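Student: I'd like to ask you about the structure that follows.
The values are calculated or read from the model by the stated rules, or taken from the named source; none is laboratory data. Everything numeric in this text was worked out from a predicted model, so none of it was measured. Positions of Cβ are backbone-derived with ideal geometry, glycine not excepted, and every protein chain shown enters the neighbour counts.
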Amino acid sequence: MNHLPLITKREYLNKVRNKSFIIMTFLSPLIMVALVAVVVYLSQLNNDKERHISVLDETGMLSDIFEDKDQTTYSILTGTSLEIAKELVESKEEFGLLHIQKSDESENVVSNISFYTNDSPSIGMISGLERKIEKKLSDIKLKNDGVDISMIKAAETNITIMQETFSGEKTSKLDGYLKLGFGGAAGYLLFMFIIIYGNMIMRSIIEEKTSRIIEVIISSVKPIQLMLGKIIGTSLAGITQFTIWVVLGSVLMLVMTTIFGISLSELQTPQQEIVNQAMQNPDVANEMQRAVQSFLNLPLINLVVAFLFFFVGGFLLYSSLYAAVGAAVDNETDTQQFMMPIIMPLILAVYVGIFTVIDDPHGTVSTVFSFIPFTSPVVMLMRIPFGVPLWQQILSFVILAGTFVFTVWFAAKIYRVGILMYGKKPSYKELYKWIKY
Amino acid sequence: MNNLLVADSVSKHYGSFRALNDVSIAVPKGSIFGLLGPNGAGKTTLIRIVNQITMPDTGRVFLDGENLRPEHIKNIGYLPEERGLYKSMKVGEQALYLAQLKGMTKQDARKRLNYWFDKLDIGDWWNKKIQELSKGQAQKIQFIVTVLHRPKLLIFDEPFSGFDPINANLIKDEILQLREDGATVIFSTHRMESVEELCDHIALIHKSNKVLDGKLTDIKRQHKTNTFEVGLQTDTIDSVTNAIKEKFKVLPATFKNLNDDVKLNIKLDAHDNPNDLLRFLTSKAEVHHFVEVIPSANDIFIQTVKNN
């Protein structure tokens, strides 16, 4: 008798009707968006802090580079000694004092630059000051050596290397980023999905054990049917939740940006300016066009199909292991020792994916790891945007599917024995014995 | 074929632990069969094998003359000792689900459930969650779920635990009614008074071996010790007592009776005739009480387990 649809349906309905599941489904995007809003707000708050910096410039040549900007204002002190200036700044409770000491040697304009403050200035601020002064000093030196600065400015060039395959497909650096983005997102999505919903499967099996209903169920259905039903039902619930998250999250983000549009766009002013400038610049406009082109050039169908196959395969592989762990223990605290061997290859996959695929998507390491079944779903998903030969994809999936059949068999063995075992936490040795029962 | 369930030389090992050793039982159709044994004897293992939860290492099991197959689960109703239902699921939904797992259609299951809910007067529980019910109430649901699909073979593991006397009685009557309706019942319990009351056949499993089985009356006959409870009335208690003690093996007796002067258990040898004893007694005193001591299931259980 095939009860798989019945079990799957119950598992699914039970999950999606669960109050905490419903609350999490609708609250999580809200929390995420709220979190983003808070971060945005706080960073704005931080930027709002007014800073006043006094500058004591002994050379008298650098004063014109300190322009008031955003919340930072400058005042130039003249005709005072450092000691007096320090006292003055401290008594006025200004943010700090920048002291530029004049050099005795004629070729070096300054000898020493110090910033006095009781506050802790950010690294960004200090390096900003450094950049300003460096640039001015170089200009001054060049001028002193009789070089026309406007000529240098005119000679500066920006280049972009155009990439093209021998068959004539144009690509660019952007293309690489896009591919990396796609692959990374797919791999990471799978990783998150396994962690969240694998745990859910495990918990639901433990629950079945602790509520002791298992013996009644097992007298009606085969353990493997029950296990598969639980895995499929929970996965469907997971996909439902994930979809709602994505939809709700994007809607909320949209609402957020329209309501708080002004404050957000204010924050984005510098970037937007760049974008606007870029749009006017014909070169960058070309670049954008190429980006669209390279998006269309991605092996999209391959990507979608492979994503489905590897996502499902990878998730089933890991979830069967989670199910086995759930069956082996009595309560969640006992799961720790069995979780490590499951999580490790998963984390390894993500790291291999991030570090080697970026470096060389078809290098030995990434190729090998895209065949090892425990890492292949993540690594292969990351590699596919860069174009992986079909035979490799198929071979990798066949290995994955074969391993999946094996892990389900293995998990079912543990499951069959484990679900009726209560009391003590089993050791690995005992698990091995269970497989032989 | 008079036996509904036959287990033939069933053995089961868990690793090096021997849970069942060459156990054979035959459960006659329409009987209430008591499966007895101390804790850890192997009863649950045997029940799980019958339910096809675990497979025997060797030996075969037949249901109604056929080799036990997965399809047979719809002919078996099993109430495990470890009760459990999905706590957060509603009563009606859960009962429907479990009935469907036993191969019933949804409509049929709903009809049967309405019948049982009316019968036990619990119609208003349909939309309650199990966690809102008391333990005894949940047990009732579990009982209904066990018998709902009208199985030929019912297996009850400690069915009365968790019930108050009134509900225990209710369930007992239902079990007897199910037997009337043609079901065969395997009944595993430690409560010997319910064995006396319900079972007509028993099997006793001890340390993985079957040590005793058969009709309860036959077993009692085998275990009777030829002992008679005797209550006499006389003026000369001492002399009468001594006269009996000279002729027979005598043990102290503690039965309830009205003003008996002498209360004794008298054990006869195998070749002795109770009539001779009675004649002897009537010659000495007035006989008010003369009953053969029939061993209780409890006595048989303890004695058999101790001897093995």
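Student: Is one or more of the residues making up segment B:30-45 out of contact with any Cys (no Cβ under 8 Å at 6 or more places or on another chain) and within 11 Å of another protein chain (Cβ to nearest Cβ)?
Tutor: Checked against the condition, which is being out of contact with any Cys (no Cβ under 8 Å at 6 or more places or on another chain) and within 11 Å of another protein chain (Cβ to nearest Cβ), segment B:30-45 yields at least one hit.
Student: Does at least one position in segment B:107-123 carry a residue that is in contact with a Leu (Cβ under 8 Å, 6 or more places away or on another chain), within 14 Å of chain A (Cβ to nearest Cβ) and not in a helix (DSSP H, G or I)?
Tutor: Quick first cut of segment B:107-123, residues in contact with a Leu (Cβ under 8 Å, 6 or more places away or on another chain) only: B:109-110, B:112-113, B:116, B:120.
Next, from what is left, pick out any that are within 14 Å of chain A (Cβ to nearest Cβ): B:109.
Now narrow it down to the ones that are not in a helix (DSSP H, G or I): none.
Within segment B:107-123, none of the residues are in contact with a Leu (Cβ under 8 Å, 6 or more places away or on another chain), within 14 Å of chain A (Cβ to nearest Cβ) and not in a helix (DSSP H, G or I).
Student: Looking at the structure I just gave you, is B:L98 assigned to a helix (DSSP H, G or I), buried (at least 22 other Cβ atoms within 10 Å of the Cβ) and either away from chain A (no Cβ under 11 Å) or over 24 Å from the mean Cα position of the chain (by Cα) (or both)? Steps first, answer last, please.
Tutor: Details: assigned to a helix (DSSP H, G or I): yes; buried (at least 22 other Cβ atoms within 10 Å of the Cβ): yes; either away from chain A (no Cβ under 11 Å) or over 24 Å from the mean Cα position of the chain (by Cα) (or both): yes.
Criteria met by B:L98.
Matching residues to (1) without any contact (Cβ under 8 Å) to a residue 40 or more places away in the chain; (2) assigned to a loop (DSSP other than H, G, I, E, B); (3) farther than 30 Å from B:V147 by Cα; (4) among the β-branched types (V, I, T):
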| site | (1), (2), (3), (4) |
| --- | --- |
| B:I186 | no, no, no, yes |
| B:I202 | no, no, no, yes |
| B:I205 | no, no, no, yes |
| B:R221 | yes, no, yes, no |
| B:G231 | no, no, yes, no |
| B:T254 | yes, yes, yes, yes |
| B:N259 | yes, yes, yes, no |
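Student: Name the residue, out of B:I166, B:I141, B:I175, that is in contact (Cβ under 8 Å) with a residue 12 or more places away in the chain, β-branched (V, I, T) and either more than 21 Å from B:G34 (Cβ to Cβ) or within 14 Å of chain A (Cβ to nearest Cβ) (or both). It would help to see each step written out before you state the result.
Tutor: Values: B:I166 fails: in contact (Cβ under 8 Å) with a residue 12 or more places away in the chain; B:I175 fails: either more than 21 Å from B:G34 (Cβ to Cβ) or within 14 Å of chain A (Cβ to nearest Cβ) (or both).
One residue alone meets the criteria, B:I141.
Student: Can you list the helices (runs of 4 or more DSSP H) found entirely within segment A:297-394 that contain at least 1 residues being among the β-branched types (V, I, T), assigned by TED's automatic domain parsing to the domain that holds A:M227 and free of Cβ contacts under 8 Å to residues at least 40 places away in the same chain? It would help to see each step written out before you state the result.
Tutor: Details: elements: A:300-328, A:336-352, A:364-369, A:376-383.
Qualifying helices (runs of 4 or more DSSP H): A:300-328, A:336-352, A:364-369.
Student: Suppose we keep only residues that are over 23 Å from A:F410 (Cβ atoms), among the aliphatic types (A, V, I, L, M) and more than 9 Å from chain B (Cβ to nearest Cβ) within segment A:206-250. Which one would you say is surrounded by the most Cβ atoms within 10 Å (Cβ to Cβ)? I'd like the intermediate steps shown before the answer.
Tutor: First, the residues of segment A:206-250 that are over 23 Å from A:F410 (Cβ atoms): A:210-213, A:216, A:219-220, A:236-237, A:239-250.
Of the ones still in play, those that are also among the aliphatic types (A, V, I, L, M) are A:213, A:216, A:236-237, A:239, A:244, A:246-248.
Pick out the ones that are also more than 9 Å from chain B (Cβ to nearest Cβ) and you get A:236-237, A:239, A:244, A:246-248.
Numbers: A:L236: 17, A:A237: 24, A:I239: 14, A:I244: 16, A:V246: 12, A:V247: 11, A:L248: 17.
Result: A:A237.
Student: How about segment A:397-412: which of its residues are among the aliphatic types (A, V, I, L, M) and either free of Cβ contacts under 8 Å to residues at least 12 places away in the same chain or touching a strand residue (DSSP E or B) at 6+ places or on another chain (Cβ under 9 Å) (or both)?
Tutor: To start, the set of residues in segment A:397-412 that are among the aliphatic types (A, V, I, L, M) comprises A:398-401, A:405, A:408, A:411-412.
Passing the criteria: A:V398, A:V405.
Student: Do the conditions hold for A:E90, that is, is it at pLDDT 80 or above, in a helix (DSSP H, G or I) and in contact with a Leu (Cβ under 9 Å, 6 or more places away or on another chain)?
Tutor: On the way: at pLDDT 80 or above: yes; in a helix (DSSP H, G or I): yes; in contact with a Leu (Cβ under 9 Å, 6 or more places away or on another chain): yes.
Criteria met by A:E90.
Student: I need the full set of residues from segment A:16-30 which are more than 11 Å from every other protein chain (Cβ to nearest Cβ) and not aromatic (F, W, Y), in order please.
Tutor: Matches in segment A:16-30: A:V16, A:I22, A:I23, A:M24, A:T25, A:L27, A:S28, A:P29, A:L30.
Student: May I ask you to verify whether B:G103 is out of contact with any strand residue (DSSP E or B) (no Cβ under 6 Å at 6 or more places or on another chain), at positive phi and within 14 Å of chain A (Cβ to nearest Cβ)?
Tutor: Numbers: out of contact with any strand residue (DSSP E or B) (no Cβ under 6 Å at 6 or more places or on another chain): yes; at positive phi: yes; within 14 Å of chain A (Cβ to nearest Cβ): yes.
So B:G103 passes the test.
Student: So, in segment A:19-33, how many residues would count as being more than 22 Å from the chain's Cα centre (by Cα) and either assigned by TED's automatic domain parsing to the domain that holds A:T240 or surrounded by 15 or more Cβ atoms within 10 Å (Cβ to Cβ) (or both)?
Tutor: The total comes to 1.
Student: Pull up segment B:53-64, narrow it to residues that are crowded, with 17+ Cβ neighbours inside 10 Å and either within 22 Å of A:I206 (Cα to Cα) or among the basic types (K, R) (or both), then point me to the one that is nearest to the other protein chains (Cβ to nearest Cβ).
Tutor: B:I53
Student: Could you list all residues from segment A:93-133 that are charged (D, E, K, R) and either surrounded by 11 or more Cβ atoms within 10 Å (Cβ to Cβ) or not in a helix (DSSP H, G or I) (or both)?
Tutor: A:E93, A:E94, A:K102, A:D104, A:E105, A:E107, A:D119, A:E130, A:K132
Student: Tally up the residues in segment A:60-87 that are of a type in the set (D, E, K, R), at negative phi and not in a helix (DSSP H, G or I), please.
Tutor: 3
Student: Still on this model: Pairs only if they're at least six apart or on different chains, beta carbon under 6 angstrom, first in segment B:65-94 and within 11 Å of chain A (Cβ to nearest Cβ) and touching a residue at least 40 places away in the same chain (Cβ under 8 Å), second in a loop (DSSP other than H, G, I, E, B) and among the acidic types (D, E); list them, first residue then second.
Tutor: B:E81/B:E158
Student: For segment B:233-252, give me each residue that is in contact (Cβ under 8 Å) with a residue 12 or more places away in the chain, assigned to a helix (DSSP H, G or I) and out of contact with any Ser or Thr (no Cβ under 8 Å at 6 or more places or on another chain).
Tutor: The answer is B:I237, B:T241, B:A243, B:I244, B:K247.
Student: List the number of the failed condition for B:F156; all other conditions in (1) within 30 Å of B:I266 (Cα to Cα); (2) buried (at least 18 other Cβ atoms within 10 Å of the Cβ) hold.
Tutor: Of the numbered conditions (1) within 30 Å of B:I266 (Cα to Cα); (2) buried (at least 18 other Cβ atoms within 10 Å of the Cβ), the odd one out for B:F156 is (1).
Student: Kindly indicate which of B:S188, B:S208, B:S239 is farther than 25 Å from B:L20 by Cα and either over 19 Å from the mean Cα position of the chain (by Cα) or not hydrophobic (A, V, I, L, M, F, W, C) (or both). Reasoning before the result, please.
Tutor: Values: B:S188 fails: farther than 25 Å from B:L20 by Cα; B:S208 fails: farther than 25 Å from B:L20 by Cα.
One residue alone meets the criteria, B:S239.
Student: Test of understanding: among A:V147, A:V221, A:V216, which residue is within 30 Å of B:N75 (Cβ to Cβ) and not in a helix (DSSP H, G or I)? Outline the logic, then answer.
Tutor: Details: A:V147 fails: within 30 Å of B:N75 (Cβ to Cβ); A:V216 fails: not in a helix (DSSP H, G or I).
One residue alone meets the criteria, A:V221.
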